[in-house]
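Just below is one structure, and these are the notes that go with it.
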Amino acid sequence: MSGLLQEMTEKAQRLNIPFNVQLDLTYRCNERCVHCYLDHDDHGEMTTVEIKHLLDEMAEAGVFILTLSGGEIFLRKDFFELLEHARHLMFCVKLKTNAVLIRESQAARIRDLGVESVQISIYSHRPEVHDGITLIPGSLKRSVDAIRFLKSQGLKVIIANVLMTQNRQDYPGVRALAAELGVECTLDPTITPMMDGNRSTLDLAVDQNTLRQVFRDTALVGDVDEFCAIPAPSGESELESTPCSAGHTACYVSPYGEVFPCVQFPLPTGNVRQQRFVDIWRDSDRMKEVRSIRLKDLTTCPSCTHVGSCTRCPGLAFMEGNMRGPSSQDCGKSFARTGIPSANMLAKKSAAANLGHNLVQIRTAPNLASATA
Amino acid sequence: MSRLYMARNPKVAARSLDGEMMIMSGRDSTLFTLNKTATILWQSADGTTPLDEIVKRRICSEFEVEPTEALHDAENLARELASHEILQISEEPIPPRNTVAGESRAGESQ
């Protein structure tokens with residue numbers, strides 16, 4: 001984040017302004033990615049009029065960065081009407097898409113409307129792997145063609161590569177593809193549970209060995225010694241800081257108008273079909289609760305070596321059962337990075353040992369057995 | 001002397017944060033914040049009102065400044081904003097059809 005953007009974000013936080021919002025226009029999708037956390041059926045998406053009204057409210061509330069995502073945004077027939085309205089309101093608009101439906105004419109229109117960037121999911125440089133994840137034959141070719149169309153219009157394109165068991169060897173190939181196309185590339189090993197709480201998708205997350213390998217790849221992290229260094233002890237000021245931007249300067253709105261602190265934090269805080277967006281942002285008790293949490297308030301993390309450098313996601317912690325608790329996926333990342341187990345990992349190990357001890361005690365009750373024999 | 005007209009570049013993103021105008025360049029995503037005078041120019045850049053009138057109506061009335069000096073400074077500022085592609089400037093009125101956000105509220109919020 002640039003210095004000025006950081007400064008403006010901090011100012012927004014002081015003023016309690018939702019600076020950065022992701023709005024999912026639909027959960028419908030033309031791909032069926034194996035790791036996806038969404039229910040793709042339409043359970044009553046907001047109409048064109050409702051979304052335009054919401055965009056008006058968001059502009060009035062001070063939202064600056066607007067990420068339009070899904071589902072697949074281009075499945076909405078009114079997509080360009082909504083995008084035009086958003087740009088009319090002068091949002092900094094970022095798009096997230098699989099780009100399968102973007103051809104030359106759509107790319108030109110996106111450029112004309114002044115979109116800031118387009119993020120496109122690419123899982124592998126090999127069709128058999130990418131298409132095996134999206135479950136749509138030919139999808140890699142369509143997405144890569146779209147990247148070329150967008151680039152030819154001078155647009156900023158970012159490849160988003162989610163790392164999972166199916167594609168764990170392919171991220172160097174995706175990076176090479178991005179370099180060939182002249183676009184940025186990000187890599188994220190986070191797999192999110194389904195929005196209904198089903199955690200089966202987590203089986204697709206890569207193991208510790210793969211994470212260790214990724215975190216020691218200089219092409220990805222730069223200075224490995226610095227990236228994997230044992231973190232310095234955290235001071236009191238760090239413990240007074242907020243866990244992340246969710247609920248502080250950022251939030252998420254679903255296609256059904258539900259407002260959440262983040263796309264990865266499914267705590268319902270209100271619905272724009274019933275309340276004004278800004279009223280939910282400012283007055284929701286749940287949003288206020290999220291906003292009140294400081295690192296020192298967390299259950300296990302304040303005593304953890306990694307507390308100052310951890311990527312702990314409050315939403316993933318919430319989905320594990322406690323928004324103030326640890327996020328095991330992030331504990332795993334900190335461990336893979338530094339080789340030092342997190343306080344949560346040590347606590348679980350200790351609990352398992354105690355459980356084992358108790359079981360031994362139950363097993364060794366011969367006196368009771370003999371007494372009743 | 002020719003008159004200068006200004007229009008907001010439709011490719012930028014803009015929002016007022018507690019009275020401080022943020023503008024993100026559509027060219028390279030560089031973020032700018034505008035001072036009070038630049039914000040007035042931005043908000044007044046409708047493509048049809050000449051700069052000297054904006055200076056007379058909006059700047060001289062708000063700041064204690066001599067009109068000729070104010071116009072000179074405003075022209076320099078407008079040219080600087082144009083060099084960053086935040087504003088379009090022309091010696092002819094700029095038709096609204098060239099501005100996607102021509103009728104918008106110029107990024108103003110509560």
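Please compute the volume of the convex hull spanned by the alpha-carbon atoms of the protein assembly as shown and report it per residue in Å³.
196
Given the -39500 (n - 2.57) contribution per DSSP H run of 4+ residues, what per-residue ellipticity at 222 nm results for the protein assembly as shown, rounded to the nearest 500 deg cm²/dmol?
Details: 20 runs with 190 residues, N = 483.
Computed mean residue ellipticity for the protein assembly as shown: -11500 deg cm²/dmol.
Do any trypsin sites (Lys or Arg not before Pro) in the stretch A:12-51 lie in a DSSP loop with no more than 15 other beta carbon atoms within 10 Å, and if so, which?
Those satisfying the criteria are A:R32.
One quarter of the convex hull surface, Cα atoms only: what value does that give for the stretch A:276-330 in nm²?
If I average the Cα hull's projected area over directions, I get 4.2 nm².
Which of A:K11, A:K296, A:K156 moves the most in a Gaussian network model of chain A with Cα springs under 10 Å?
Maximum among the listed residues: A:K11.
Any idea what the relative contact order of chain B is, in percent, if you count C-alpha pairs under 8 Å spaced at least 6 apart?
Reported relative contact order: 42 percent.
Defining a contact as two alpha carbons under 8 Å apart and six or more residues distant in sequence, what relative contact order in percent does chain A show?
Over chain A, the number comes to 15 percent.
How tilted is helix A:139-152 with respect to the longest principal axis of chain A? Cα atoms for both, answer in degrees (0 to 90, nearest 10).
50
Taking the Cα centre of the stretch A:1-155 as the origin, how large is its charge dipole in debye, to the nearest 20, when only Lys and Arg (+1) and Asp and Glu (-1) carry charge on their Cβ atoms?
Values: 18 positive and 22 negative charges, 130 e Å.
Result for the stretch A:1-155 is approximately 620 debye, rounded to the nearest 20.
Assigning unit charges at the beta carbon (Lys, Arg +1; Asp, Glu -1) and nothing else, what dipole magnitude in debye, to the nearest 20, does the protein assembly as shown show about its Cα centre?
1360
Project the alpha carbons of the stretch A:46-138 onto their principal axes and report the range along each, largest first, in whole Å.
Between the extreme Cα coordinates on each principal axis of the stretch A:46-138 lie 46, 25, 22 Å.
Along the charge dipole of the protein assembly as shown, pointing to its positive end and built from +1/-1 on Cβ of Lys, Arg, Asp and Glu, which listed residue (A:A99, A:A317, A:G114) has its Cα farthest out?
My answer, from the dipole projection, is A:A317.
Every number in this text was worked out from the coordinates using simple rules, so none of it is lab data. It should be emphasised that the depicted structure is a prediction, and the values quoted were computed from it without experimental measurement. So basically every Cβ, Gly included, is an ideal-geometry build from the backbone, and we count neighbours across all protein chains shown.
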